[in-house]
Amino acid sequence: RLIETAEKASQKLHSVNESMNLEIKKRTLEIERINEQLVHKSKTDQLTSFLNKAAITELIEEMIEKGSENAFSIIIFDIDGFKSINDSLGHIAGDKCLKKLSLIATQSVRDIDVVGRYGGDEFLVVVPGTSASQARFIAERIRKNVDRTENPHFTVSMGIAAYPDDAVSIHSLISAADEALYISKEKGKNTVSHRQLF
């Protein structure tokens with residue numbers, strides 16, 4: 001009887017252990033899933049679902065670390081007169097423009113290109129395996145598609161810089177693209193520029 005009782009207790013203990021192990025596995029998977037969501041959320045801009053500034057700059061840094069044999073370009077662009085759109089039509093219209101712009105950008109780039117929201121109404125596209133002149137085609141496609149927008153109509157100004165031709169560090173590369181963006185603004189907006197080439 002004692003042996004029988006001990007065996008029953010042992011079976012019960014084994015059963016309890018198995019259900020506890022299953023519960024632990026379930027909880028662990030749930031925690032891992034939540035962590036993945038949090039990591040994704042921390043890298044993603046909520047309004048546009050693009051990479052946020054920290055994530056897109058991290059990507060550029062990683063690409064630079066791979067070395068000069070991997071040439072790429074970046075395109076920086078923003079909405080012309082975005083402040084006046086917000087002031088005259090309201091923030092809902094401003095958000096509508098940003099969402100529309102993010103959709104156009106997604107449809108205008110290649111599968112290997114990565115778009116990020118750099119801040120406010122400023123966006124950045126990483127264009128792998130391209131020179132500044134090659135990246136211009138992608139930038140022009142985005143610009144022309146944006147120029148067709150209605151209710152409200154808006155345009156974008158764009159600046160391009162290439163690694164390693166224009167700069168070899170992330171800060172100088174982004175500065176070169178920003179400089180080109182301001183050249184576009186000075187030209188009268190709704191255009192694509194590079195510091196020297198176009």
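Couple of notes before you dig in:
- Surface analysis of the chain yields an accessible area of 60 Å² per residue, using protein heavy atoms and a 1.4 Å probe.
- Correct choice for percent of Cα pairs over 30 Å apart that was computed from the model, options (i) 36; (ii) 47; (iii) 29: (i)
- When each of the peptides 19-32, 75-88 is scored by how many other beta carbons lie within 10 Å of its residues on average, the order from highest to lowest is 75-88, 19-32.
- Residue order for 57, 5 - accessible surface, 1.4 angstrom probe, largest first: 5, 57
- Restricting the trypsin sites (Lys or Arg not before Pro) of the stretch 126-198 to loop positions (DSSP other than H, G, I, E, B) with no more than 12 neighbouring Cβ atoms within 10 Å leaves 148, 187.
- Residues whose amide H comes within less than 5 Å of that of residue 72, counting only those at least five positions distant or on another chain, are 129, 130, 163 (H built at 1.01 Å from N in the peptide plane).
- Residue order for 194, 153 - accessible surface, 1.4 angstrom probe, largest first: 153, 194
- For the stretch 157-166, backbone phi angles converted through the Karplus equation (6.51, -1.76, 1.60; θ = phi - 60°) give residue-by-residue couplings of 10, 9, x, 10, 9, 10, 9, x, 4, 9 Hz, Gly and Pro being listed as x.
- Counting only protein heavy atoms and using a 1.4 Å probe, the accessible area of residue 13 comes to about 110 Å².
- Between helix 2-43 and the chain: long-axis angle, C-alpha atoms, 0 to 90°, nearest 10: 10 degrees
- Neighbour-limited loop hits for GluC sites (Glu not before Pro), the stretch 92-198 (at most 10 other Cβ within 10 Å; DSSP other than H, G, I, E, B): 150
- Packing-based order for 157-169, 44-56, using average beta carbon neighbours within 10 Å, highest first: 157-169, 44-56
- Counting only protein heavy atoms and a probe of 1.4 Å, the accessible surface of the chain is 54% carbon and sulfur.
- For the stretch 26-109: rounded, prolate or oblate by the Cα gyration tensor [a/c cutoff 1.5]: oblate
The values are calculated or read from the model by the stated rules, or taken from the named source; none is laboratory data. Quick caveat: nothing in here was measured; it's all calculated off a predicted structure. When we count neighbours, we look across all protein chains shown, and the Cβ atoms used for this are built from the backbone with ideal geometry, even at glycine. Heads up: the accessible areas ignore ligands, DNA and RNA and are worked out on the full protein's heavy atoms, side chains in. Shrake-Rupley method; radii C 1.70, N 1.55, O 1.52, S 1.80 Å.
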